[in-house]
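Working notes, structure below.
The values are calculated or read from the model by the stated rules, or taken from the named source; none is laboratory data. Small disclaimer: the values here were computed from a predicted structure and weren't measured. Reconstructed Cβ throughout: ideal geometry from the backbone, glycine too, with neighbour counts over all protein chains shown.
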């Protein structure tokens, strides 16, 4: 079986969404990730999507942060990631509190994956239509606000969307202001924002070839800002034994035999991607668990 250039870490996307979502399937997936020694588990965020086909898999969606809070004490060795929170739909200070609390309670295991969202209807359903057109600016300010609050500073904060004075923010995260913030997105504005502000980038529903074109944008922005290159990761579907087809015919996934999937992982590794958050796109929870075990047996340790 083809190898790949550097060790890769793996995370498992929990079934807190889709028709697989249930307490039992979430618990079983987290248990498996810990038993296999994987790096992390990841939750998916939507709150009140529309009835369209595009939003169908998010119509059942356990809360992105509460799910991790439920998993964390059961499985104390795995990191806890959000992939990704649609930040502009929410109050930035409340989110700061929720993430800080989760990090403090879990002993510093949180990765805050964030993004700006895509569903204008969902923003409207949440009474946030006014934020849809400025969601990039809201996310940028939120990142600055989180760093300010998580540092333990009680100094005033004045921004376009938030103005705070006479406050105390406790608890701070176990990781403090260094709690990792990873940004998801594919347009240049998101990539440039990642380089300037974030600790990591998480691609989603994208091939290695597509992500290769984004990395220079992230790197250039980081260099201009005098910051280190963010960690690179990707959220990727795995479809064992499905025909390997071109990107034009179907959305990207790592498809085919174990050898085919390993070849795709080699491409990710060659880009400098350090972690793959794996979503097993199957019909039942039992099949998801079986495919994750197969991946670990035939690829991660094959």
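I need a count of the residues in the range 198-213 that are in a helix (DSSP H, G or I) and either surrounded by 20 or more Cβ atoms within 10 Å (Cβ to Cβ) or touching a helix residue (DSSP H, G or I) at 6+ places or on another chain (Cβ under 9 Å) (or both). It would help to see each step written out before you state the result.
In the first step, residues of the range 198-213 are kept if they are in a helix (DSSP H, G or I); the result is 208-213.
When the remaining residues are screened for being either surrounded by 20 or more Cβ atoms within 10 Å (Cβ to Cβ) or touching a helix residue (DSSP H, G or I) at 6+ places or on another chain (Cβ under 9 Å) (or both), the result is 208-209, 211-212.
Number satisfying all stated conditions: 4.
From the list 291, 281, exactly one residue is at pLDDT below 95, touching a strand residue (DSSP E or B) at 6+ places or on another chain (Cβ under 9 Å) and closer than 22 Å to residue 35 by Cα. Which is it?
The unique qualifying residue is 281.
Mind listing whichever residues of the range 80-94 are buried (at least 24 other Cβ atoms within 10 Å of the Cβ) and assigned to a loop (DSSP other than H, G, I, E, B)?
Matches in the range 80-94: 83, 84.
Quick one: which of 77, 142 is under 20 Å from the mean Cα position of the chain (by Cα), under 24 Å from residue 235 (Cβ atoms), at pLDDT 95 or above and assigned to a helix (DSSP H, G or I)? Step through it out loud before you land on a result.
Values: 77 fails: assigned to a helix (DSSP H, G or I).
Step by step, each of 77, 142 is checked, and only 142 is under 20 Å from the mean Cα position of the chain (by Cα), under 24 Å from residue 235 (Cβ atoms), at pLDDT 95 or above and assigned to a helix (DSSP H, G or I).
Out of the residues in the range 102-121 that are assigned to a helix (DSSP H, G or I) and touching a helix residue (DSSP H, G or I) at 6+ places or on another chain (Cβ under 6 Å), state the one that is nearest to residue 68 (Cα to Cα).
Ranking the qualifying residues of the range 102-121, first place goes to 102.
Looking at the range 240-250, can you tell me whether even one residue there is surrounded by fewer than 20 Cβ atoms within 10 Å (Cβ to Cβ), touching a strand residue (DSSP E or B) at 6+ places or on another chain (Cβ under 9 Å) and touching a residue at least 40 places away in the same chain (Cβ under 8 Å)?
No, the range 240-250 has no match at all.
Residues are listed down the side, and each one gets a yes or a no for (1) assigned to a loop (DSSP other than H, G, I, E, B); (2) more than 15 Å from the chain's Cα centre (by Cα); (3) in contact (Cβ under 8 Å) with a residue 40 or more places away in the chain:
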{"residue": "26", "(1), (2), (3)": "no, yes, yes"}
{"residue": "30", "(1), (2), (3)": "no, yes, yes"}
{"residue": "47", "(1), (2), (3)": "yes, yes, yes"}
{"residue": "50", "(1), (2), (3)": "yes, yes, yes"}
{"residue": "53", "(1), (2), (3)": "yes, yes, no"}
{"residue": "57", "(1), (2), (3)": "no, yes, yes"}
{"residue": "68", "(1), (2), (3)": "no, no, yes"}
{"residue": "96", "(1), (2), (3)": "no, yes, yes"}
{"residue": "100", "(1), (2), (3)": "no, yes, yes"}
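Just to be sure, is residue 227 in contact (Cβ under 8 Å) with a residue 12 or more places away in the chain and buried (at least 17 other Cβ atoms within 10 Å of the Cβ)?
No: the conditions fail for residue 227.
Of everything in the range 145-168, what is in a loop (DSSP other than H, G, I, E, B) and either on the phi > 0 side of the Ramachandran plot or crowded, with 19+ Cβ neighbours inside 10 Å (or both)? Give them in sequence order.
Within the range 145-168, 152, 166 qualify.
Out of 184, 226, which single residue is modelled with pLDDT of 95 or more and on the phi > 0 side of the Ramachandran plot? Can you show your working first?
Working: 184 fails: on the phi > 0 side of the Ramachandran plot.
226 is the lone residue from the list that is modelled with pLDDT of 95 or more and on the phi > 0 side of the Ramachandran plot.
From 176, 195, 256, grab the single residue that is out of contact with any strand residue (DSSP E or B) (no Cβ under 6 Å at 6 or more places or on another chain) and crowded, with 21+ Cβ neighbours inside 10 Å.
Criteria check complete, one pass: 195.
Report yes if residue 15 is surrounded by 24 or more Cβ atoms within 10 Å (Cβ to Cβ), modelled with pLDDT of 95 or more and assigned to a loop (DSSP other than H, G, I, E, B), otherwise no.
Against the criterion (surrounded by 24 or more Cβ atoms within 10 Å (Cβ to Cβ), modelled with pLDDT of 95 or more and assigned to a loop (DSSP other than H, G, I, E, B)), residue 15 qualifies.
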